[in-house]
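The values are calculated or read from the model by the stated rules, or taken from the named source; none is laboratory data. Values in this document were obtained by computation on a predicted structure and should not be read as measured data. Neighbour counts are summed over all protein chains in view; Cβ atoms, including those assigned to glycine, are modelled from backbone coordinates with ideal geometry. Note: accessible area is taken over every heavy atom of the protein model, side chains too, but ligands, DNA and RNA are not part of it. Shrake-Rupley method; radii C 1.70, N 1.55, O 1.52, S 1.80 Å.
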Amino acid sequence: MNFTLEKSATAFAEAKRYIPGGVNSPVRSFRGVGGTPPFIAKAAGSRIYDIDGHSYIDYVGSWGPMILGHAHPEVTHELTDALTRGTSYGAPTLLETELARMITEAVPSMELVRFVNSGTEATMSVLRLARAFTKRNKIIKFAGCYHGHHDSLLVKAGSGATTLGVPDSPGVPESIAGNTITVEYNDAAGLAAVFEKQGEDIAAVIIEPVPGNMGLVLPRPGYLKQVREITEKYGALLIFDEVMSGFRVAYGGAQELYNITPDLTCLGKVIGGGLPVGAYGGRQDIMELIAPAGPVYQAGTLSGNPLAMTAGLATLRLLSHTEGFYEQVTKTTAALCTGIQAQAQKQGFHFQFHQVGTMFGLFFTDKPVYDYASAKQSDVDAFNIYFHAMLEQGVYLAPSQFEASFMSGAHSQADIDATIAASGNAFAKVAQYYSQQKA
Ligand SMILES: Cc1ncc(COP(=O)(O)O)c(C=O)c1O
């Protein structure tokens, strides 16, 4: 098969003249897996199309938002209609109230909701709020959990930072990073030990309830409940960062799935239907500290803009009105994982397959993965071989071992079958690589 990305390579070189590294978010550069990133021309349903003329079954879904698939006709129709009414007013609209209402109904712990423009903005703002409410400064996060790129949380973050091997960024002042304590995910005893020593200084624990930024890692049974109990015991707030898992692992997010009530929640991705959006919300008594209701300042020129609200509303309406949407797509995801796993086993590989709802992930290691350190045991070189073999066969996976994959309602049985078949060939290449290693 002759697979080339000539046009994309030229476009990448040109992009580098004007944009640092040629991309506007590091992991898009393919630094982790090597090679040229296909430049994308368009997307529809389960597929994306590059400027070299290839079509791919897409399991990135813009890193999570596209749960209905790309260019869903109803979302597109609503957006086109909204465009004719102007793109931003900087004044309140009915759309914002309606989307906030839908979110509070889906995620009851979010009694009040504030819209922002990205997940990063949501987690940044929520920390200020938590600090103001508790009058404490320290924050606990978990190794390998990514919450966006602002200073307080760019410490032992996963995602692009893991892929590029720069977990802590230059430019983050020690005085800020010093207020962030990092604990291992899935280790309740470790968390309790930190609280025993410093409990009175800790404003909040921020957690991806289902981490998707060190690859997909699952909480051990009872773990999230223990985290809730520990935070409650010490009067610290529990923040669920559901930017990725919200409206993704279930309509009500991971907190619905695991039946845990956090104090505050961050959302993004799905609630913007593919447009830039973020949100944070939670207990009314805490949220009422936000300006103009209260003294904690936070604002945004384009926050709650009518296009993002329209796409979000159209998406949530479709998700909530489509009978059995999550059950169906979860089943499709399970079928895909089972099929890929069987292909891996044919080659004698006992890799780790994780799935929750419509998210899934595969670690190239035969040892269990439950935190950042165990995720890092994966064979990245083997993953990269698999990744490129899949790409060449028209399957677009996240270009890093340390990212989750996403299913959409637009993926068909034919897509699943094609992906499983492609995996068989890709694992055969990995097997070849291992036998060359041994030789
Ligand atoms: C859990 C989580 N929190 C926060 C963010 C940051 O969101 P954004 O990229 O919209 O700033 C991400 C992005 O992937 C995320 O996965």
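Numbers below:
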| quantity | calculated |
| --- | --- |
| Conditions (1) touching a helix residue (DSSP H, G or I) at 6+ places or on another chain (Cβ under 8 Å); (2) open to solvent by 10 Å² or more (accessible area, probe 1.4 Å); (3) free of Cβ contacts under 8 Å to residues at least 60 places away in the same chain; number of the one not met by G190 | (1) |
| Residue satisfying condition, being small (G, A, S) and open to solvent by 40 Å² or more (accessible area, probe 1.4 Å), within set A410, A389, A439, A431 | A439 |
| Subset tally (residues that are more than 16 Å from the ligand (Cβ to nearest atom), crowded, with 16+ Cβ neighbours inside 10 Å and either assigned to a helix (DSSP H, G or I) or free of Cβ contacts under 8 Å to residues at least 60 places away in the same chain (or both)) for the stretch 7-39 | 9 |
| Residue match in the stretch 320-329 (condition: under 19 Å from S405 (Cβ atoms), open to solvent by 10 Å² or more (accessible area, probe 1.4 Å) and touching a Phe, Trp or Tyr at 6+ places or on another chain (Cβ under 9 Å)) | yes |
| Among (1) basic (K, R); (2) within 30 Å of F30 (Cα to Cα); (3) modelled with pLDDT of 85 or more, the one test that R128 misses | (2) |
| Near pairs, Cβ below 9 angstrom, 6+ apart or cross-chain, from the stretch 256-275 (without any contact (Cβ under 8 Å) to a residue 60 or more places away in the chain and over 30 Å from H77 (Cα atoms)) to any residue that is within 11 Å of the ligand (Cβ to nearest atom) and open to solvent by less than 10 Å² (accessible area, probe 1.4 Å) | Y258/P209; Y258/V210; I260/P209; I260/F240; I260/A254 |
| Near pairs, Cβ below 8 angstrom, 6+ apart or cross-chain, from the stretch 366-381 (farther than 14 Å from M214 by Cα) to any residue that is part of a loop (DSSP other than H, G, I, E, B) and of a type in the set (F, W, Y) | D366/F349; D366/F351 |
| Any chance A404 is surrounded by 22 or more Cβ atoms within 10 Å (Cβ to Cβ) and in contact with a Gly (Cβ under 7 Å, 6 or more places away or on another chain) | yes |
| Residue identified as more than 16 Å from the ligand (Cβ to nearest atom), under 19 Å from S8 (Cβ atoms) and either of a type in the set (D, E) or part of a helix (DSSP H, G or I) (or both) among D81, D52 | D52 |
| Among (1) modelled with pLDDT of 95 or more; (2) of a type outside the set (A, V, I, L, M, F, W, C); (3) within 16 Å of the ligand (Cβ to nearest atom); (4) crowded, with 18+ Cβ neighbours inside 10 Å, the one test that G144 misses | (1) |
| Qualifying positions in the stretch 40-75 - surrounded by fewer than 16 Cβ atoms within 10 Å (Cβ to Cβ) and charged (D, E, K, R) | K42, E74 |
| Positions within the stretch 214-256 being open to solvent by less than 10 Å² (accessible area, probe 1.4 Å), more than 24 Å from E105 (Cβ to Cβ) and in a loop (DSSP other than H, G, I, E, B), in sequence order | M214, G215, L216, V217, A236 |
| Output for the stretch 125-141, where each listed residue is in a strand (DSSP E or B) and more than 16 Å from the ligand (Cβ to nearest atom) | K138 |
